[in-house]
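Shown next, in structure tokens, is the structure this report addresses.
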Amino acid sequence: MSNNKKILAEEKRYLADTSRVKYFDVVIDHGKGATITDADGRDYIDLLASASATNTGHSHPHVVAAIAEQAEKLIQYTPAYFANTTTAKLTQRLAKLAPGQFEKQVVFGNSGSDANDAIIKFARAYTGRQYIVSFTGAYHGSTYGAISISGVSLNMTRKIGPLLPEVVKVPFPDQNQRLANESDDDFSERLFKQFKLPFETYLPADDVALVIIEPIQGDGGIVKAPQKYMDLVYQFTRDHGIVFAVDEVNQGLGRTGKLWSIDHFGIAPDLMSVGKSIASGLPLSAVIGRREIMASLSAPANVYTTAGNPVTAAAAMATLDVIETEKLVARSERIGNFAKAFFEKAAKRYDFIGDVRMYGLNGGIDIVDSQGQPDDEATTKLIYRIFELGAIMISLRGNTLRFQPPLVITQAALESAFAMISQAFSELEAGQLTLPETDNHIGW
Ligand SMILES: Cc1ncc(COP(=O)(O)O)c(C=O)c1O
């Protein structure tokens, strides 16, 4: 039996099923840049970047050195009681990185989920209102607050209710809902009408604390809201004194070819959650927001023993150095265009490729059947074959290929990955691909 299978079989006895979405029987041993190596010594090109949590690549030497140096100095002293030199520096750096010409403050957390919980707390405290508006297809995390405002998987809400009360979900302007020949503006106006429907029927706008959105939905399929729609929603929040927050946990830090995904829209959010890649994958998150909103809670309304831990803060400082010195934001845009050209060319060649969405080095590629409908089975066959050939790529919402390599991936590695993907595409067309034998269901 391979090491991978042996470790997985043993782990399965003890690890609760809910901890992992099943994809491939692989156990990762180590990683470098955009390559990961499994317990049997097999290399894979990483097209997932730990779910967009390692934009600087695996074990970047500058980040590793910063972690080691900080660990020698001080691993942990809770920022909930005392400042430390490293986290103090990061706080200022992060506050200055968020969009908007106004004063900002920061709180730290341990995960994207708790950062989004904090956004709910701040918005309610600041406005004195209770209702939260979020979007279908959103993924904001797995704590109770974050689950309550998410709308992407039945298994996330099944059996665990009641969830947080006073949450209303409106349809995300997913391009798949666009009518034939509908312009961007018409689509935006039609979806904005749907956004307003609750407000016109049962939801008084002056009872609403917060609208929270992923400007480009990640787990919802890498789907970008149209500019006009965002402008309309943002203006609505201005007109009604509602806090406007964006979730940058997945799409932030250069992933989309801009530092923040909201930078595509020229809007400065009141609050913004950041996580995943901020510390190259160490558990750190933050909310950055308008000073007056952040001042609306008193200690200890949002403290965690390890949030803003000095080692994670050192990793974040080094991560931001790497993003700046290696110009990863521009790189994401540049090689993202190369990736876009590859997938768009493939879409012309193969009927089973539907919509291709690529924003920076960050793509969702829909796989469809002959009627243009989502084809989950073909998607599973493809990702499984790509895995066999040597690259890690997973799916989103069943029929979307998720393309999010580390932003440091080399051109050569990208070309090798595209050769594997091309081979899988042509084998699917030739009817040569089958579903994986061992797995009855893979993916969400
Ligand atoms: C947009 C978004 N927000 C929040 C989260 C939750 O972050 P975490 O898993 O670190 O709690 C995720 C995780 O995938 C995400 O994609």
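On a per residue basis, the chain carries 44 Å² of accessible surface, using protein heavy atoms and a 1.4 Å probe. With R₀ fixed at 22 Å, the C-beta to C-beta distance from R238 to R190 puts the FRET efficiency at about 0.55.
For the chain, the longest piece that avoids every one of the GluC sites (Glu not before Pro) found in DSSP loops with at most 16 other C-beta atoms within 10 Å covers 183-436. Accessible area of T306 (1.4 Å probe, protein heavy atoms only, ligands and nucleic acids ignored): about 60 Å².
Note on the chain: GNM, Cα springs under 10 Å; of N250, N176, N309, the largest mean-square fluctuation is that of N176.
Could I get the Rg over Rh figure for region 1-87? Both from C-alpha atoms, Rh via Kirkwood, rounded to two places. Rg/Rh for region 1-87 comes to 1.08. Note down the nm distance, to one decimal, between modelled labels 7 Å out along Cα→Cβ at Q101 and at S142. Label-label distance for Q101 and S142, simple model: 4.3 nm. Extension gain, N181 to A68, is 35.1 nm, computed as 0.36 nm per intervening residue step minus the present C-alpha separation. For the chain, DSSP calls about 65 percent of its internal beta bridges antiparallel. Normalised by the number of residues in region 63-323, the mean separation of alpha-carbon contacts (under 8 Å, six or more apart) gives a relative contact order of 32 percent.
Looking at region 158-240, the chymotrypsin sites (Phe, Trp or Tyr not before Pro) that sit in a DSSP loop and have at most 13 other Cβ atoms within 10 Å of their own Cβ are Y202. Please say if region 169-263 is rounded, prolate or oblate, where rounded means a/c under 1.5 for a ≥ b ≥ c the square roots of the C-alpha gyration tensor eigenvalues, and otherwise the choice is prolate for a/b larger than b/c and oblate otherwise? Oblate, because a/c is 1.5 or more while a/b does not exceed b/c. Counted by Cβ distance under 12 Å from Q423, the other residues give a net charge of -2, where Lys and Arg count +1 and Asp and Glu count -1.
Pick out, in residue order, every one of the chymotrypsin sites (Phe, Trp or Tyr not before Pro) in region 1-86 that is DSSP loop and has at most 12 other C-beta atoms within 10 Å; say none if there are none. Here the sparse-neighbourhood loop sites are Y81, F82. Could you work out the local net charge near Q404, counting Lys and Arg as +1, Asp and Glu as -1, over the other residues with Cβ closer than 10 Å to its Cβ? Cβ neighbours under 10 Å give a net charge of +1. Approximating the spin labels as points 7 Å out from Cα along Cα→Cβ, the S2-to-Q130 distance works out to 5.3 nm. The share of alpha-carbon pairs in the chain lying farther apart than 30 Å comes to 44%. In the chain, Cα pairs under 8 Å separated by at least six residues give a relative contact order of 22 percent. At 15 Å minimum axial length over the Cα atoms and a Kyte-Doolittle cut of 1.0, report the qualifying DSSP H helices in the chain, or say none. Sorted by number, the helices that extend far enough and score high enough are 310-325.
Normalised size of region 313-426, defined as Cα radius of gyration per 2.2 N^0.38 Å with N residues, equals 1.15. Could you list the residues of region 23-62 with an amide nitrogen less than 19 Å from a label point located 7 Å from the Cα of K12 in the Cα-to-C-beta direction? Answer for this model: 23-28, 39-40. Here the contact order of region 109-188, divided by its residue count and restricted to Cα pairs under 8 Å and six or more residues apart, works out to 27 percent. Each residue, Y77 and L297, gets one label point 7 Å from its Cα in the Cβ direction; the gap between the two is 2.5 nm. Per atom type, the chain shows carbon and sulfur on 52% of its accessible surface, probed at 1.4 Å. Under a 5 Å amide H cut-off, with hydrogens placed 1.01 Å from N, W444 pairs with G398 among residues at least 5 apart or on other chains. Exceedance of the 18 Å cut-off in Cα-Cα distance is limited, within the set K258/K348; K196/K228; K5/K381; K169/K193, to K258/K348; K5/K381.
Specify the longest stretch of the chain that does not include any exposed loop site, a site being one of the trypsin sites (Lys or Arg not before Pro) with a non-H, G, I, E, B DSSP assignment and at most 15 other Cβ atoms within 10 Å. With a cap of 15 other Cβ atoms within 10 Å, the longest stretch comes to 160-326.
The values are calculated or read from the model by the stated rules, or taken from the named source; none is laboratory data. Please read these numbers as outputs of a predicted model, since none were measured by experiment. Counting neighbours? That spans all protein chains shown, and the Cβs are built from the backbone with ideal geometry, glycine included. The area values use the complete protein model at the heavy-atom level, side chains included, leaving out ligands, DNA and RNA. Shrake-Rupley method; radii C 1.70, N 1.55, O 1.52, S 1.80 Å.
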